[in-house]
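The values are calculated or read from the model by the stated rules, or taken from the named source; none is laboratory data. Everything numeric in this text was worked out from a predicted model, so none of it was measured. Don't worry about glycine lacking a Cβ; one is built from the backbone with ideal geometry, like all the others, and counts go over all protein chains shown. Surface accessibility is based on the protein's heavy atoms, side chains included, excluding ligands, DNA and RNA. Shrake-Rupley method; radii C 1.70, N 1.55, O 1.52, S 1.80 Å.
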Amino acid sequence: MNTTDAKRAPRIAVVGGGLGGLALAGMLHRQGIAATVYERDAGRAARTQGGTLDLHPESGQRALDELGLTEAFRADARPEGEELRILDPAGRTLVHRVPEPGGGSRPEIDRGVLRELLLSRVPDEAVSWGRRLTGVEELPDGGHRLEFADGGHADCDILVGADGARSRVRPLLTDARPVHLSAYLQLVITDADRRRPRIAEFVGPGSLMALGDNLNLGAQRSGDGTIRVSVTTRVDADWVDRQGFGDAEWGDVVARLHELFAGWDTGLTSLIDACDPGSLVGRNLEALPVGTRWPSRPDVTLLGDAAHLMPPVGEGANQAMLDGVLLARAFAQHRDDPAAAIAAYETEMFDRAAVIGAKSARIESMGLAPDAAERLASYFNRMTAAS
């Protein structure tokens with residue numbers, strides 16, 4: 001690779017130790033290319049990593065195969081997690097998809113378990129924990145200086161923003177910003193099989209979605225026995241803040257959630273009653289405009305949500321991991337020309353993300369329509385017939 005100093009390899013900085021950033025770093029190290037990941041978490045166990053993900057053969061599973069993690073993934077994955085039900089507000093099941101034993105193509109895996117698999121491919125010394133990026137300064141002789149909240153800094157020749165929806169690296173390349181889609185509330189039911197056996201049986205080993213009236217009530221089982229209950233609603237960007245859920249008594253929170261689902265089947269709304277008191281976390285869902293692109297630069301690029309934030313319909317993590325391994329392969333194929341590597345990666349990534357982003361936007365729109373259950377049931381039935 002070209003560098004300003006012919007005696008050393010370029011310093012590659014990956015901002016963000018999520019799934020995409022770790023896939024990139026792991027693949028680079030696998031090919032003998034050093035990189036450092038700067039992650040805001042204080043350590044690998046600093047926080048829980050969220051729910052469960054279904055990994056797609058053409059993207060997430062492909063990335064794991066490139067990293068030599070297929071067998072480890074199969075050992076930890078839950079094929080039974082592919083079970084899915086789609087219900088309407090009256091509680092009628094419109095779709096019930098149960099994978100054949102040994103026949104599922106998109107097994108579930110807990111996000112935390114997956115992150116540990118990816119970390120196993122990155123040398124411990126290549127991850128710098130507790131480094132929340134606060135600023136980026138372009139250096140006069142090329143490259144960038146990264147400034148962190150702890151007062152430290154690090155210089156790099158090549159900068160990869162894998163820092164998610166609110167990327168601080170993205171403004172170096174484009175003024176595109178995420179646009180508001182909806183509000184998302186997540187609650188949890190811990191140790192569901194023991195504490196809430198009826199609810200656990202109702203949800204089953206996979207997930208369910210009850211949709212209609214511009215609302216989505218979901219439930220998904222994780223491998224640790226936790227059930228994550230979600231509420232998605234099409235409201236303005238200030239709605240979550242106005243609710244003040246964090247300051248309200250839990251009984252009031254539950255009552256207000258029931259008001260959202262007035263008239264819905266009580267078997268569905270019992271999911272809300274079963275959630276752990278105080279477990280509600282609310283945020284807004286956003287997406288970058290479909291087809292976001294930028295003029296290629298020789299020393300900066302993006303991957304994952306930083307590059308192509310999509311509605312959360314199952315593609316984000318998969319595409320981020322694929323981005324990571326493909327960018328690493330581009331660097332390996334153009335070892336003496338990082339500008340060519342970045343341009344080649346971006347050309348493929350832009351086209352792929354535009355197609356998948358448009359599809360994700362259509363699914364998201366269907367999922368919060370007044371007749372969402374019927375629309376999604378029809379969509380899944382068409383997909384099943386075509387497969």
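See the values below:
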{"read-out": "Those helices (runs of 4 or more DSSP H) lying entirely in region 224-326 with at least 3 residues of a type outside the set (Phe, Trp, Tyr) and surrounded by fewer than 16 Cβ atoms within 10 Å (Cβ to Cβ)", "value": "250-260, 266-273"}
{"read-out": "Residues that are open to solvent by less than 20 Å² (accessible area, probe 1.4 Å) and of a type outside the set (Val, Ile, Thr), drawn from region 333-349", "value": "338, 341, 345, 346, 349"}
{"read-out": "Residue match in region 208-216 (condition: open to solvent by 30 Å² or more (accessible area, probe 1.4 Å), farther than 15 Å from residue 88 by Cα, modelled with pLDDT under 95 and in contact with a Lys or Arg (Cβ under 8 Å, 6 or more places away or on another chain))", "value": "no"}
{"read-out": "Answer residue from region 170-179, given it is outside any loop (DSSP other than H, G, I, E, B) and open to solvent by 60 Å² or more (accessible area, probe 1.4 Å) and is nearest to residue 227 (Cα to Cα) among those", "value": "179"}
{"read-out": "Hits in region 138-148 (condition: open to solvent by 20 Å² or more (accessible area, probe 1.4 Å) and in contact (Cβ under 8 Å) with a residue 40 or more places away in the chain)", "value": "141, 142"}
{"read-out": "Flag for residue 293 being touching a residue at least 60 places away in the same chain (Cβ under 8 Å) and closer than 25 Å to residue 20 by Cα", "value": "yes"}
{"read-out": "Which listed residue, of 13, 23, is modelled with pLDDT of 95 or more, within 14 Å of residue 323 (Cα to Cα) and not in a loop (DSSP other than H, G, I, E, B)", "value": "23"}
{"read-out": "Residues satisfying the stated conditions in region 127-137, i.e. in contact (Cβ under 8 Å) with a residue 12 or more places away in the chain, surrounded by fewer than 17 Cβ atoms within 10 Å (Cβ to Cβ) and not hydroxyl-bearing (Ser, Thr, Tyr)", "value": "129, 130, 132, 135"}
{"read-out": "Test: residue in region 152-167 that is open to solvent by 70 Å² or more (accessible area, probe 1.4 Å), out of contact with any strand residue (DSSP E or B) (no Cβ under 8 Å at 6 or more places or on another chain) and under 28 Å from residue 326 (Cα atoms)", "value": "yes"}
{"read-out": "Pick from region 30-49, criterion open to solvent by 40 Å² or more (accessible area, probe 1.4 Å) and hydrophobic (A, V, I, L, M, F, W, C), ranking: modelled with the lowest pLDDT", "value": "46"}
{"read-out": "Residues of region 344-387 that turn out to be touching an Asp or Glu at 6+ places or on another chain (Cβ under 9 Å) and in a loop (DSSP other than H, G, I, E, B), as a count", "value": "2"}
{"read-out": "Region 203-223: number of residues that are assigned to a strand (DSSP E or B) and farther than 23 Å from residue 369 by Cα", "value": "1"}
{"read-out": "Test: residue 194 is assigned to a loop (DSSP other than H, G, I, E, B) and under 27 Å from residue 48 (Cα atoms)", "value": "no"}
{"read-out": "Residue in region 180-188 that is part of a loop (DSSP other than H, G, I, E, B) and over 22 Å from residue 291 (Cβ atoms) present", "value": "no"}
{"read-out": "Of all residues making up region 225-256, the number that are farther than 28 Å from residue 81 by Cα and either touching a His at 6+ places or on another chain (Cβ under 7 Å) or of a type in the set (A, V, I, L, M, F, W, C) (or both)", "value": "9"}
{"read-out": "When residues of region 107-129 are limited to those that are of a type in the set (Asp, Glu) and touching a strand residue (DSSP E or B) at 6+ places or on another chain (Cβ under 7 Å), the one farthest from residue 206 (Cα to Cα)", "value": "110"}
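Here is a yes/no grid of residues against (1) closer than 20 Å to residue 367 by Cα; (2) at pLDDT 95 or above:
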site: 180; (1), (2): yes, yes
site: 196; (1), (2): no, yes
site: 202; (1), (2): no, yes
site: 219; (1), (2): yes, yes
site: 224; (1), (2): no, no
site: 253; (1), (2): no, yes
